[in-house]
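All remarks here apply to the structure that follows.
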Amino acid sequence: MALLKVTFDQKKRVKLAQGLWLMNWLSVLAGIVLFSLGLFLKIELRKRSEVMNHSESHFVPNSLISMGLLSCVFNSLAGKICYDALDPAKYAKWKPWLKPYLAVCVLFNVALFLVALCCFLLRGSLESTLAQGLKSGMKYYRDTDTPGRCFMKKTIDMLQIEFKCCGNNGFRDWFEIQWISNRYLDFSSKEVKDRIKSNVDGRYLVDGVPFSCCNPNSPRPCIQYQLTNNSAHYSYDHQTEELNLWVRGCRDALLSYYSSLMNSMGVVTLFVWLFEVTITVGLRYLHTALEGVSSPEEAEGESEGWLLEKSVPETWKAFLESLKKLGKGNQVEAGGADAGQAPEAG
Amino acid sequence: MAPVLPLVLPLQPRIRLAQGLWLFSWLLALAGGLTLLCSGYLLIQLWHLGTFLAPSCPFSALPQTALAAGAVALGTGLGGAGASRASLDAARYPPWRGVLGPLLVAGTAVGGGLLVFALGLALGLPGSLDEGLEEGLGTALAHYKDTEVPGHCHAKRLVDELQLRHQCCGRHGYKDWFGVQWVSSRYLDPSDQDVVDRIQSNVEGLYLIDGVPFSCCNPHSPRPCLQSRLSDPYAHPLFDPRQPNLNLWAQGCHGVLLGHLQSLASTLGSMLAVTFLLQVLVLLGLRYLQTALEGLGGVIDGEGETQGYLFPGGLKDMLKTAWLQGGVAPRPAPQEAPPEEEGPPEA
């Protein structure tokens, strides 16, 4: 009892082959799109790898790139097969390869689905990488004369200006680290000495933020220093003031940016996956329909196409049987998942 | 009537003319499309920078005219490509016969006129940018503090974003900020003696300080940004005036914006020049092709030689014919067919 049997006459077979040929070439374009999406994500991650401690995982863009390339290769091959399917002589040389090829296609579709899922699920690891990276980035903000870290100040400033964010979780993160280098502190001043003595590590901590945290939408000129001291500024209440600095933390801003990128890529990958599944199903029907037309006299006649020759449990049992026979070492043929070859040897 | 600039065109040169014309028409369409894109981009840039250009500055006329000229050039190119393709195929030419005449007139008059006008604007207008920017930037800086005044409440945000994005400070340098009151009076403490002193120290009663807004800060500086008391060499510890000053952006926004807009205008101008050249070539070729094919009476494949020309007669003859035509037209039955476009009919 075949699974999902469909009867094909000559015209329908030809139309199926032509439609599949067109769909395969469209799918090559989709593969190129996947490749460029993966490349774009990789470049975006590389651009900001300094604030992620250079330890970000490139798994998602790498897998998108490889899936795009594989899709191009498989689909152009399938397009060639469909083009030759209309000519019995050319088709004869492809015939023995079709079954293993279809198995590989099924595996490819499963892998593509997993990659699409990964696009949605991997934001958790990105979040922890960002938190770590931003924390150390802010710690090195003042080291503008240390070789290897001298650009961290510029990177963090440009990041806060571009993404409209301040600090790791909020602007108060800047109160807990010394972001002003010792080179620019006047150690003879009493105020500096008091601040340094006021904490265990001897750091110069201020309730102030760098200029890049300033919000241009504020109606008053930016207040950067003595943020918690209401009396230091005229008509200022730090509890209610919202427009002075960016309220969002940079971890949040970067995470939502990368999440939206990866989500949209995941949606595109799902669409491509659906397209590929349709192509694989169509190719299977074409394969079985042409199997039914084994002799040239029947070329004009009707044949039947199906997805699986027997129903699902029977096919699964036959597959396990052939694996067992392989395990016993009787089969010489390589490429084991070929249930059709078992009766030949037997 | 002697035809103007006649050119004998046997079959082979006619075919080569049509093929070359097809290529040049597509090039013209490409150039017209690129001009469209470039002028669209310039329009968008001007829309963003609208607050910093004085309203009386006529600079925005350039991209608008270039947009129209590019569209007409694109249409002429597409029409020319279709006509030259059709002229190689006897079956497809007849419908194009009627279209070619109006296409040539439109292309010459409208297209050529717009292109020449746009070229003139591209040469003359960028000079007016200087005053326009001077006035516009001056107004924007003066209204920086007016964040509650309707009509000017966005000036602060726009100036800050301009200085952040284009990496510039003030009009010609950071000292421009010393001459404007950029702190709103709402946030000045009237009981503070320093504030009172500063306000009384100048005629207009402005609160002037030797400080700049945060958007002038340069992130490349190794030390946290120094924004206030910039004229006092003793105000900030360890400030070495001999070192190159990375603290604030060194460029003035006037220079940056002027360079940006002028380079866009010169790119647009060179594209307009290329489009103009291509349009002249295509229109000339189309005219010769049209008159040569009319000489064959619309039969393309004729082996005979014909003459292509620009005008059937000299200027005086043309005016006389036009006058006669004007006199003949009101009569009920026109005695003779207009002698302009039809050559000797092939019997």
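The values are calculated or read from the model by the stated rules, or taken from the named source; none is laboratory data. Bear in mind the structure is a predicted one, so any value in this text is a computation, not a measurement. Glycine gets a Cβ as well: all are built from the backbone with ideal geometry, and neighbour counts include every protein chain shown. The protein model used for the area step is the full one, side chains on, heavy atoms only, and it has no ligands, DNA or RNA in it. Shrake-Rupley method; radii C 1.70, N 1.55, O 1.52, S 1.80 Å.
A few remarks follow.
- Estimated [θ] at 222 nm from DSSP helical runs (n ≥ 4, -39500 (n - 2.57)) normalised by residues in the protein assembly as shown, nearest 500: -19000 deg cm²/dmol
- Shielded by partner chains, segment B:205-227 residues - at least 20 Å² of accessible area, 1.4 Å probe, vs chain alone: B:Phe214, B:Cys217, B:Pro219, B:His220, B:Pro222, B:Arg223, B:Pro224, B:Cys225, B:Gln227
- Legend: translational diffusion of the protein assembly as shown by Stokes-Einstein, Rh = Kirkwood radius over C-alpha pairs, 20 °C, 1.002 mPa s; D = 64 µm²/s.
- Lysine pair count for segment A:25-115 with Cα-Cα distance under 22 Å and sequence separation of 8 or more or different chains is 5.
- Kirkwood estimate for segment A:121-202, i.e. one over the average of 1/r between Cα atoms, Å: 14.4 Å
- Accessible area per residue for segment A:171-247 is 52 Å², calculated with a 1.4 Å probe on protein heavy atoms, without ligands, DNA or RNA.
- Scanning chain B for GluC sites (Glu not before Pro) lying in DSSP loops with no more than 12 further Cβ atoms inside 10 Å, the longest uninterrupted stretch between such sites is B:1-147.
- Share of carbon and sulfur in the accessible heavy-atom surface of segment A:171-247 [1.4 Å probe, %]: 49 percent
- Taken about its Cα centre, chain B carries a charge dipole of roughly 460 debye when the Cβ of each Lys and Arg holds +1 and the Cβ of each Asp and Glu holds -1.
- By the rule of a second cysteine Cβ within less than 4.7 angstrom, chain A holds isolated cysteines at A:Cys72, A:Cys82, A:Cys105, A:Cys118, A:Cys119, A:Cys150.
- Solvent-accessible surface (1.4 Å probe) assigned to B:His152 amounts to roughly 70 Å².
- Protein heavy-atom accessible area occluded, B/A pair - total, 1.4 Å probe, Å²: 2300 Å²
- Accessible area per residue in Å² at 1.4 Å probe, computed on segment B:8-115: 46 Å²
- Listed as lacking a disulfide-compatible partner in chain B: B:Cys38, B:Cys57, B:Cys153, by the criterion of no other cysteine Cβ under 4.7 Å.
- Lys, Arg +1 and Asp, Glu -1 on Cβ, resulting dipole of segment A:171-247 about Cα centre, debye, nearest 20: 300 debye
- Within segment A:204-222, the residues that become at least 20 Å² less accessible when every protein chain is included than when their own chain is isolated (1.4 Å probe; DNA, RNA and ligands ignored) are A:Phe211, A:Cys214, A:Pro216, A:Asn217, A:Pro219, A:Arg220, A:Pro221, A:Cys222.
- Portion, in percent, of the accessible area of chain B that falls on carbon or sulfur, probe 1.4 Å: 64 percent
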